[in-house]
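Asker: Let me give you the structure first, and then I'll get to my questions.
The values are calculated or read from the model by the stated rules, or taken from the named source; none is laboratory data. Fair warning: this is a prediction, and the values are worked out from it, not measured in the lab. Quick reminder, even Gly has a Cβ in these numbers, built from the backbone with ideal geometry, and neighbours come from all protein chains shown. SASA here: full protein model, heavy atoms, side chains in, ligands and nucleic acids out. Shrake-Rupley method; radii C 1.70, N 1.55, O 1.52, S 1.80 Å.
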Amino acid sequence: MATISKKMTRAMKAREWKRDFRTNKALYLFLLPGLVFLIMFCYIPMAGLVIVFKNYNFRDGIFGSPWAGFDNFEFFFYSFEKAARATFNTIFLNINFIIFGTIFAVFTAIVINEVRGNVFKKSVQSSIFLPYFLSWTVLGGILMTILDYRTGTFNSLIGSLGMSPIDFYKEAEYWPAILTISNIWKGIGYNSIVYIAVITGFDPSYYEAAVVDGATRMQRIFRITLPMLKPTIVMLTLLSVGRIFFGDLTMILGLTKGSPLLLPTTETIDLFVYRSAMQSGQFSYASAVALYQSICGFIIVIAANFFAGRFDKDYKIF
């Protein structure tokens, strides 16, 4: 009976899908280009993962190169201390980016939404969005004019106050904070757009009722805006967690200039691969570490999604 019931359920679902397809043919047609793009550029290239288990050379290509088993993973874990340091730095920096980036993005979105003057609101939104279009190399040059030991604005300022200058490009302990601030400054305009769009879609009757009841502006923010933003914050955080094992190589190189003195706090997994594998042309090594990052990121997303669902099922992505 159970088998017959399952067959009947599958048959009913198939009929429902056919009926829905006939009703929404145009929508499925719009879906087709995105689906083809996803398959061509996300799923078909996954066949190239075989390079991870190959001793790759240009002459034989990916599929013709001899098998290497798990030897390509050994290069990353051979020096366990450096591998652990790179993994810790990557996770630590990304956690800072996620936490502080979310806080400042939500804060910015709420402040912009509370501004009543449209001209001023658009001007502020455009000005904070501008750094997003600048490359990390350009931002690295700006950062150097601020932090340079001899001519930097910051050292000139503290020097005028009688304090000793700081050689930031030789002191690694300052760079987690510097990278976090730089990441927030560059991405705050872009990251706040989603929250601004969500806030503008809230039903204004909630705020009107709160005003009638005598609620202050801060009470409206903490009792209405933030609780209604919570599902969006959780969803975007879960999506960000998937990239927690990946570091922005261009950001690290652009801001630190690849200084070896800063590696104790700035060497992420991507930078470690770039220095150890890509410069020597060992693409198999780089692919092996990328697979390691992807698997760890997948596990983290599944775990984060599970725990988010334990608090509230509406917070789960899948």
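Asker: Using the Cα atoms as the points, what is the convex hull volume per residue of the range 143-274 in Å³?
Answerer: 151 Å³
Asker: Kindly provide the helix-only [θ] at 222 nm of the chain, computed as the sum of -39,500 (n - 2.57) over DSSP H runs of four or more divided by all residues, to the nearest 500 deg cm²/dmol?
Answerer: Values: 16 runs with 219 residues, N = 318.
Result for the chain, helices only: -22000 deg cm²/dmol.
Asker: Just to verify a number: FRET efficiency for THR216 and ARG19, C-beta to C-beta distance, R0 = 45 Å, to 0.05?
Answerer: Taking R0 as 45 Å, the efficiency between THR216 and ARG19 is 0.30.
Asker: Let me ask something else. For the pair PHE318 and LEU134, how long in nm is the line joining their label points, each one 7 Å along Cα→Cβ?
Answerer: 3.8 nm
Asker: Now, a different point. Compute the relative contact order of the chain as a whole-number percentage, counting only Cα pairs closer than 8 Å that sit 6 or more residues apart in sequence. Provide the component values of the computation, followed by the final result.
Answerer: Values: 293 pairs, mean separation 78.5, N = 318.
This gives 25 percent for the chain.
Asker: The range 18-73 to the range 144-190: how many Å between their Cα centroids?
Answerer: If we compute the Cα centre of each part, the gap is 43 Å.
Asker: Give me the log10 of I(q) over I(0) for the chain at q = 0.11, 0.14, 0.15 Å⁻¹, as the Debye formula computes it from C-alpha points; what are the numbers?
Answerer: For the requested q values the scattering log ratios are -0.99, -1.28, -1.33.
Asker: Could you give the size of the charge dipole of the chain about its Cα centre, using +1 on the Cβ of each K and R and -1 on the Cβ of each D and E, expressed in debye and rounded to the nearest 20? Each step should come with its number before you reach the end.
Answerer: Values: 29 positive and 19 negative charges, 295 e Å.
In debye, rounded to 20, the chain gives about 1420.
Asker: Going by amide H atoms built from the backbone, whose H comes under 5 Å of the H on LYS316, apart from near neighbours?
Answerer: Here nothing satisfies the definition.
Asker: Given a 1.4 Å probe and the protein chains all in place, what does the accessible area of THR151 round to, in Å² to the nearest 10?
Answerer: The value for THR151 is about 110 Å².
Asker: Write out the chymotrypsin sites (Phe, Trp or Tyr not before Pro) in the range 10-111 meeting two conditions: DSSP loop, and at most 14 other Cβ atoms within 10 Å of their Cβ.
Answerer: Passing sites in the range 10-111 are PHE58, PHE70.
Asker: Ok, one more. Choose one answer from LYS25, LYS54, LYS230: the residue with the largest mean-square fluctuation in a GNM of the chain with alpha-carbon springs under 10 Å.
Answerer: Top of the fluctuation ranking is LYS25.
Asker: Sticking with this one: Would you mind computing, in nm to one decimal, how far apart the modelled labels at ARG275 and ALA26 are, each placed 7 Å from Cα along Cα→Cβ?
Answerer: Distance between label points: 5.7 nm.
Asker: Could I ask something else about it? Just to be sure I understand: with springs between alpha-carbon atoms less than 10 Å apart, which residue in LEU226, LEU161, LEU238 has the highest mean-square fluctuation in the Gaussian network model of the chain?
Answerer: Result for the chain, Cα springs under 10 Å: LEU161 fluctuates most.
Asker: Further question: Quick one: pull the percent of accessible area on the range 231-297 belonging to carbon and sulfur, 1.4 Å probe, ligands and nucleic acids left out. Display every interim value, and only then the final one.
Answerer: Values: 1740 of 2700 Å².
Answer for the range 231-297: carbon and sulfur cover 64 percent of the accessible area.
Asker: Taking only C-alpha pairs under 8 Å that are 6+ residues apart, what is the relative contact order of the range 150-259 in percent?
Answerer: Dividing the mean separation by the residue count of the range 150-259 yields 22 percent.
Asker: First measure r as the distance between the Cβ atoms of ILE146 and SER126, then evaluate 1/(1 + (r/R0)^6) with R0 = 22 Å and state the FRET efficiency to the nearest 0.05.
Answerer: Using R0 = 22 Å, I get an efficiency of 0.45.
Asker: Can I ask one more? Stretched out fully, how many nm does the piece from PHE298 to SER156 gain, at 0.36 nm a residue minus the Cα gap?
Answerer: Values: separation 142, 0.36 × 142 = 51.12 nm, distance 4.61 nm.
That pair, PHE298 and SER156, stretches by 46.5 nm at full extension.
Asker: Using only Cα atoms, what Kirkwood radius does the range 11-70 have, in angstroms? Please report the intermediate quantities before stating the final value.
Answerer: On the way: mean 1/r = 0.0673 Å⁻¹.
Answer for the range 11-70: a Kirkwood hydrodynamic radius of 14.9 Å.
Asker: Between the range 86-117 and the range 214-251, how many Å separate their Cα centres?
Answerer: 8 Å
Asker: While we're on this one: Pairs of alpha-carbon atoms within less than 8 angstrom and 6+ residues apart define the contacts here; what relative contact order does the range 132-196 have, in percent?
Answerer: 24 percent
Asker: Hand me the trypsin sites (Lys or Arg not before Pro) from the range 64-168 located in a DSSP loop with no more than 11 other Cβ atoms within 10 Å, in residue order please.
Answerer: Sites meeting the loop and neighbour criteria: ARG116, ARG150.
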